[in-house]
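Right, one structure below, let's go through it.
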Amino acid sequence: FRNAIEINSFSSISSHKKKDEIKKKYSIPENCKIIGHIGRFTEAKNHKRIVEVFKTIIEIDEKFILILIGEGPLKEEVQEYVQKIPSLKGKVIFCGLISDIYNIIKIFDVLLMPSLYEGIPVTLIEAQAAGVPCIVSNSVSNEVDIGLGLIDFISLESSNVEWANKVIDKAGHRREDFLEIREKLINHGYSIDKNIETLYNIYDIK
């Protein structure tokens, strides 16, 4: 069984009111573009590289903002790293743990994941369900790509400028054809409802 998700929570358009509420909560300017990352602050997630790439992005286009969601042993270290970079003042938001990921992920213009190693991150399945383009390292399993044209792989050996240009290029190129997205997710085994139905059939539960 895949690590399935509640598709309907992600593959629907949030109201402008809900998006405005989230932006107001985190003091996000209306005219900015949002880069998001969801993951524990551990070595594997490569948060310092995220910050380095973001610094390069700001040098090219200052209208971006970075949202980092999660907790973990390296969070304080990453926060201190960000504070040492003057150009990032007020540009990086640490949100901690969030229960309604399905809401905040919908305000992302692009999701950035330069992980050192990964299997199939549920975060990338959720991002695709929400129609969000994702820039990820080639250390992430290519099985995560369900064929919606939302996953772009890039080598960890590529420069920060190459990463930055890829993020800028893809930011905002969302997909909102949620019927097709839903179908792709179901066909790849990521529907929690279908998986429950299969389990019921296996164990002959009425």
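Can you find even one residue in region 14-23 that is within 23 Å of Val144 (Cα to Cα) and not aromatic (Phe, Trp, Tyr)? Within region 14-23 (the criterion being within 23 Å of Val144 (Cα to Cα) and not aromatic (Phe, Trp, Tyr)), the answer is no, since none of the residues qualifies.
Within region 23-33, is even one residue small (Gly, Ala, Ser), part of a loop (DSSP other than H, G, I, E, B) and under 14 Å from the mean Cα position of the chain (by Cα)?
No, that holds for no residue.
So is Phe94 part of a strand (DSSP E or B), over 19 Å from His173 (Cα atoms) and of a type outside the set (Gly, Ala, Ser) or not? Answer is yes for this residue. Only one of (1) without any contact (Cβ under 8 Å) to a residue 24 or more places away in the chain; (2) open to solvent by 50 Å² or more (accessible area, probe 1.4 Å); (3) of a type in the set (Gly, Ala, Ser) is not met by Gly149, so which one is it? It fails just one condition, (1). Counting residues in region 52-71 that are under 30 Å from Ser191 (Cβ atoms) and hydroxyl-bearing (Ser, Thr, Tyr) gives zero. Inspection of region 21-34 finds a residue satisfying the criterion of being open to solvent by less than 40 Å² (accessible area, probe 1.4 Å), in contact with a Phe, Trp or Tyr (Cβ under 9 Å, 6 or more places away or on another chain) and in contact (Cβ under 8 Å) with a residue 40 or more places away in the chain.
Remark: pairs (first residue in region 120-131, of a type in the set (Phe, Trp, Tyr) and buried (at least 24 other Cβ atoms within 10 Å of the Cβ); second residue modelled with pLDDT of 95 or more and assigned to a loop (DSSP other than H, G, I, E, B); Cβ separation under 9 Å; 6+ apart in sequence or on different chains) are absent.
Checked against (1) free of Cβ contacts under 8 Å to residues at least 60 places away in the same chain; (2) of a type outside the set (Ser, Thr, Tyr); (3) closer than 22 Å to Phe178 by Cβ, Val110 meets all criteria but (1). For region 166-183, enumerate the residues that are touching a helix residue (DSSP H, G or I) at 6+ places or on another chain (Cβ under 9 Å) and open to solvent by 80 Å² or more (accessible area, probe 1.4 Å). Once the filter is applied, which keeps residues that are touching a helix residue (DSSP H, G or I) at 6+ places or on another chain (Cβ under 9 Å) and open to solvent by 80 Å² or more (accessible area, probe 1.4 Å), region 166-183 yields only Arg182. Checked against the criterion of being assigned to a helix (DSSP H, G or I), under 16 Å from the mean Cα position of the chain (by Cα), of a type in the set (Val, Ile, Thr) and surrounded by 15 or more Cβ atoms within 10 Å (Cβ to Cβ), region 184-197 has no qualifying residue.
The values are calculated or read from the model by the stated rules, or taken from the named source; none is laboratory data. In this text the structure is predicted, and so the values were computed from the model without any measurement. Note that each Cβ is placed from the backbone with ideal geometry, even for glycine, and that neighbours are counted across all protein chains shown. Surface areas here come from the heavy atoms of the whole protein model, side chains and all, with no ligands, DNA or RNA. Shrake-Rupley method; radii C 1.70, N 1.55, O 1.52, S 1.80 Å.
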